[in-house]
Structure formats: C-alpha cells, structure tokens
Amino acid sequence: MGSAAAAAAALPASAGSGENLVLILDYGSQYTHLITRRVRQLGVLSLCVSGTAPLAALESLRPRAIVLSGGPHSVHAEGAPTFPEGFLDFADGAGAHVLGVCYGMQLLVQSLGGAVEPGERQEYGKMEVEGTAPSSALYGEAETGKRQTVWMSHGDEVVRLPEGFEVVARSVEGAVAAIENREKRFYGLQYHPEVTHSPQGMETLRRFLFDVCGIKADWKMQDVLDEEIKTIQSMVGPDEDVICALSGGVDSTVVATLVHKAIGDRLHCVFVDNGLLRYKERERVMSTFESDLHLPVTCVDASEQFLSMLKGIEDPEQKRKIIGREFIAVFDDFAHKLEQKVGKRPEYLVQGTLYPDVIESCPPPGSGRTHSHTIKSHHNVGGLPKDMKLKLIEPLKLLFKDEVRKLGSILNVPDSFLKRHPFPGPGLAVRVLGDVTQGNALDTLRQVDDIFVQAIKDAGLYDKIWQAFAVFLPVQTVGVQGDQRTHSNAVVLRAITSEDGMTADCKDAQLNFQAGYYYRH
C-alpha cells in the first residue's frame, strides 16, 4: 500500500471494519508482502503499510493483529526505521496482538527495554530450532523438545529479554528463536515463517491468527476481483478508452481479462514484438488471444526500434531502463493512432505489474516503502520514464503470481495461459549476458530455450517447475559437433521450483534429452 490512508480506503465492505484485519508494518524485508500473502492464503484480510506510517493512520485501521516485518537494517544503525511514537500503548489499548518477525522482533525487544547485540552466531539460510516451553501459545506442548527447519537471516541477536517475556524456542546454535509475552499480547520470531523454506511456518502463523488472536477466516479471492472491478470503474470515466500492454504471459492475460470485464470494448490491447521474444512467441500468442480469449489485440512490430537502442549495451540495469522507455514510446504512439480512430486520446495504460516486481525495484516516490533495498529495476517499474503521458492502472500490483492464477481461474482464463512459466518483461535481453545484437546470440538462445522447455514438457515436469529457461553466456568453450572441434559460446540451462516467486530452489530432475533434440533446428 502506498500509505495507511490508502490501505484504509482499500478495505472491502466485507472486512468488518477491521474486526478481522491483520496489518503488516513494512520495515524493508524483501519478504514483507509475502507475509501479507500468507495471511490471505489462510483466508484473512491483510494489508501492508509503511512501518513508519503516522500513528493516527494505524489507529483508523483498527487491526486485530499487527505484524512487524523483517528488514535489512540493524536496530543499532543510525536512522534505522522504527514504529511511530505511542505505537506500543496504542496496541495495548486496542487489544491488538503484535508479532515481530526477524528485525521486527529485535525492534520490539529493544523498544521494551531488552538488549539486542551483534550476534556471535550469525545465522543465514536453513537452520533448526527447538521448542523449549510447554506453555507456548505459538507452538504448544506437543512441539516442546521437537525440532523444525526454518529460514534464518539475521546478524544481530536478542541477548536479554524485556520484563514479562519468555523464550519459547531456540536455534540449535543456542540463539533466541521465538519469544512471548502472552499477558501483553507481544510475540516474536527470529526466523521467517512466511517463506516456503520454513515448512512449518504456515502452521505457526495459523496458530497465531486463529488460536492466539481469535481471528476468523472470512476473506476470499473473489473479494479482490469485486473490489478491483469497482476501482477500475471509478477511475475510468464512462466515455474513456484504455490501452492494455499484453505480453502473452499470465499477468498481462489476467489483467486484460479483468479490465475487459470492468469496461468492455473500451479496452484496446496491444502486443509489442520487441525482437526479444521466445521462439515463435508472436505467432503463438496472437493465435491464442484470438481463438481462446477473444480479446481485441493489435500487434506492433517494434523489433528494429528496440534492438537499435540496445546495440552495444551490456549492463542489465541499463537494458531494463531502455526497454521500459521504448515500451512507453510505443504505447504513446499507439495511443495517438487510437485517438485518430476513436476521436479521443486514451488516458490510461494497463499493466500486469505484480508485487514482486515492485518490491525488487526502487520504491516509487510517495509509495511509503522507504526502507527496502533495490534488487533490480523492473522494466515496468524502475524503468518507466518520468515524463510518460499515460496514467497507470495496475490491478495486480499487490498480488503474487499464485494469487493471480487463482484470480484468472475465477475469470475463466484457460489453464494453458495460467500454467505458463513466467517470462521477464525485458524478454531475452536479460538472458543474453552482454550485447544482445552481437552475432547470433538471440537466435541461438531462442532455439536452445525452446528445446529445453519442450524436453521438460515431454518428461512430464513442466507443471512441477516454476520457471525453466536458458541463458546465453559471453564465454566461449570447447566442444564437438559432428566430427569437428568447436569453440563457441556456452549456454546455461536453469530450472527452479517456487510457490510465489519470492524464494526458490534448483530443480533436481533427470531430464532425458534425446540426441535428436540438439539437431532439430
């Protein structure tokens, strides 16, 4: 959410005026919105706002539970983010339960008079923790003495608890892993229960929400659909036209279907061939749009425009910004031509931006997210020009990929689209390490990628893998083709598993590549 006020405005009518609302205070972790997503997965409405939002704005939301997220900072660092003055008294007076996660737990401990110091046992990655208190509300007597694997990511550690707190779990290294003050309704986890690498994390969240907080599971994905349709209809005037950027992927397909449901034929979809598409992508996508989705789509061939601007560019960040700028230029030109056709210039551009795109990019001005570190600038977030003429409509920007797929299912989008592996907006430009216009890098990568994905499909593994793709390296190596020695560029094949696109594992699978695959082209 851009602000706590915006979060309040986004509350569905069915939310019960905060009766079952979980508020996530963002302190900059790349997993922050994943907590929001996990709470929703359990059927509870959750909203994410800046951790430094004014106290009055938090009070207006009247949350039943508040989660303090993790973050990249140390509580000892100058300027480290903290909750607003009076927050602890507000939470106590409102009867809200507070759960600190990682940095959030350390912030809670320090603010209440405990001690946090740089850890001698800095813990990163998978670790084991053990329940130590039979009376624990988060774990219960059955978990006492049992170990579970969790995902740690901390350099500081709690060395002294505030008054009234109890350690209810420790890591195998002896570090404090979970704490509770049941009388004050304060709880803390040093690890990240929200990531899939903490297998029992969802059960811990479930226990916190339902057993500890007494919250009811009364929120559904249908609520998202209904609210977004209302929002789009309120934004777009009854005689205004809208442009939608279609890539052929899950996100843009679902968002186009959603907006079309909201405003009908005033939606004008455009598919841009930027010269960076996969093998026969243009033909396949256009055919499916026409035969299965019946969406009005115009195909624009801008491959020469994009490739000429990318000539000589090797830095991936620069590639993203160039591609973002050129996409907007194409959309502006399309809007001008549409204006000549319909008699009025479109004011809005629809994009299938997801929350992982947003939190991995530079936080946009006024977003309220001032503490997260930039991972990369997505072409449709950090790569957008400041002087773009079109206003953005991004109905999916608070959702994760698996949530988008559920939304698409409600909208009757075909499974063939919903199950497609994610493909980056900048296309093959970020899968060619170096100048994409040199030699035959793009053509080679297209063919290798198509062979790889087809082999995965033939092996029955496509739906078990989150994303499989090839990468063209600017490194030459020795090989043999036929009876000849070769010295050419290497290509890397990657396959990963994930549930939400925020954490991933390499896919350990035996792929049976037949020799004929390599010579098909």
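The values are calculated or read from the model by the stated rules, or taken from the named source; none is laboratory data. These numbers come from a predicted model, not from an experiment. Here the Cβ positions follow ideal geometry from the backbone for every residue, glycine too, while neighbour counts run over all protein chains shown. Calculation scope for accessible area: heavy atoms of the full protein, side chains included, ligands and nucleic acids excluded. Shrake-Rupley method; radii C 1.70, N 1.55, O 1.52, S 1.80 Å.
Evaluating Y124 against the criteria (1) among the aromatic types (F, W, Y); (2) in contact with a helix residue (DSSP H, G or I) (Cβ under 8 Å, 6 or more places away or on another chain); (3) modelled with pLDDT under 90 leaves one unmet condition, (2). Checking E78, E85 one by one, the residue that is free of Cβ contacts under 8 Å to residues at least 24 places away in the same chain, among the acidic types (D, E) and either open to solvent by less than 20 Å² (accessible area, probe 1.4 Å) or farther than 14 Å from L21 by Cα (or both) is E78 and no other. Consider segment 176-205 and keep the residues that are of a type in the set (A, V, I, L, M, F, W, C) and either open to solvent by less than 10 Å² (accessible area, probe 1.4 Å) or in contact (Cβ under 8 Å) with a residue 24 or more places away in the chain (or both). The one that is nearest to M105 (Cα to Cα) is L189. Taking first residues from segment 300-317 that are over 30 Å from K337 (Cα atoms) and partners that are among the aliphatic types (A, V, I, L, M) and modelled with pLDDT under 95, the Cβ contacts under 6 Å between residues at least 6 apart in sequence or on separate chains come to P316/V430. For segment 394-468, the helices (runs of 4 or more DSSP H) that sit wholly inside it and include 1 or more residues that are open to solvent by less than 40 Å² (accessible area, probe 1.4 Å), farther than 29 Å from I313 by Cα and in contact with a strand residue (DSSP E or B) (Cβ under 7 Å, 6 or more places away or on another chain) are 441-458. State which residue is nearest to Q447 (Cα to Cα) when the search covers only segment 261-299 and only residues that are among the hydroxyl-bearing types (S, T, Y) and touching a residue at least 40 places away in the same chain (Cβ under 8 Å). Filtering first and then ranking leaves Y279. Pairs are defined by a Cβ separation below 7 Å, a sequence spacing of at least 6 or placement on different chains, a first member in segment 226-249 that is part of a loop (DSSP other than H, G, I, E, B), and a second member that is open to solvent by 40 Å² or more (accessible area, probe 1.4 Å) and acidic (D, E); the pairs so defined are E240/E347.
Would you confirm, using the coordinates I've provided, whether P162 is in a loop (DSSP other than H, G, I, E, B), modelled with pLDDT of 90 or more and farther than 23 Å from E194 by Cα? In short, yes. When we screen E166, E128, E173 for residues that are surrounded by fewer than 16 Cβ atoms within 10 Å (Cβ to Cβ), over 25 Å from L34 (Cα atoms) and in contact (Cβ under 8 Å) with a residue 24 or more places away in the chain, the only hit is E166.
For residues that are touching a strand residue (DSSP E or B) at 6+ places or on another chain (Cβ under 8 Å) and aliphatic (A, V, I, L, M), scanning just segment 47-64, find the one that is surrounded by the fewest Cβ atoms within 10 Å (Cβ to Cβ). Talk me through it step by step, then tell me what you get.
Within segment 47-64, the subset touching a strand residue (DSSP E or B) at 6+ places or on another chain (Cβ under 8 Å) is 47-51, 53, 57-58, 61, 63-64.
Filter again for aliphatic (A, V, I, L, M), leaving 47, 49, 53, 57-58, 61.
Values: L47: 23, V49: 24, A53: 22, A57: 18, L58: 25, L61: 20.
Of everything passing the filter in segment 47-64, A57 is surrounded by the fewest Cβ atoms within 10 Å (Cβ to Cβ).
Residues in segment 314-356 that are farther than 30 Å from H33 by Cα and touching a Gly at 6+ places or on another chain (Cβ under 9 Å): E314 only. Regarding C269, is this residue open to solvent by less than 20 Å² (accessible area, probe 1.4 Å) and part of a strand (DSSP E or B)? Criteria met by C269. Determine, yes or no, whether V116 is over 23 Å from V22 (Cα atoms), surrounded by 14 or more Cβ atoms within 10 Å (Cβ to Cβ), touching a strand residue (DSSP E or B) at 6+ places or on another chain (Cβ under 9 Å) and among the hydrophobic types (A, V, I, L, M, F, W, C). So V116 passes the test. Scanning segment 242-263 for residues that are open to solvent by 30 Å² or more (accessible area, probe 1.4 Å) and among the hydroxyl-bearing types (S, T, Y) turns up at least one hit.
For every residue, the table says whether it meets (1) buried (at least 17 other Cβ atoms within 10 Å of the Cβ); (2) closer than 30 Å to Q233 by Cα; (3) at pLDDT 90 or above; (4) in contact with a His (Cβ under 9 Å, 6 or more places away or on another chain).
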{"residue": "S291", "(1), (2), (3), (4)": "no, yes, no, no"}
{"residue": "D301", "(1), (2), (3), (4)": "no, no, yes, no"}
{"residue": "S308", "(1), (2), (3), (4)": "no, no, yes, no"}
{"residue": "K319", "(1), (2), (3), (4)": "yes, no, yes, yes"}
{"residue": "Q340", "(1), (2), (3), (4)": "no, yes, yes, no"}
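Considering V44, V67, the condition of being crowded, with 20+ Cβ neighbours inside 10 Å and not in a loop (DSSP other than H, G, I, E, B) is satisfied by V67 alone. Selection of segment 291-302 for residues being over 29 Å from the mean Cα position of the chain (by Cα) and part of a helix (DSSP H, G or I) yields only S291.
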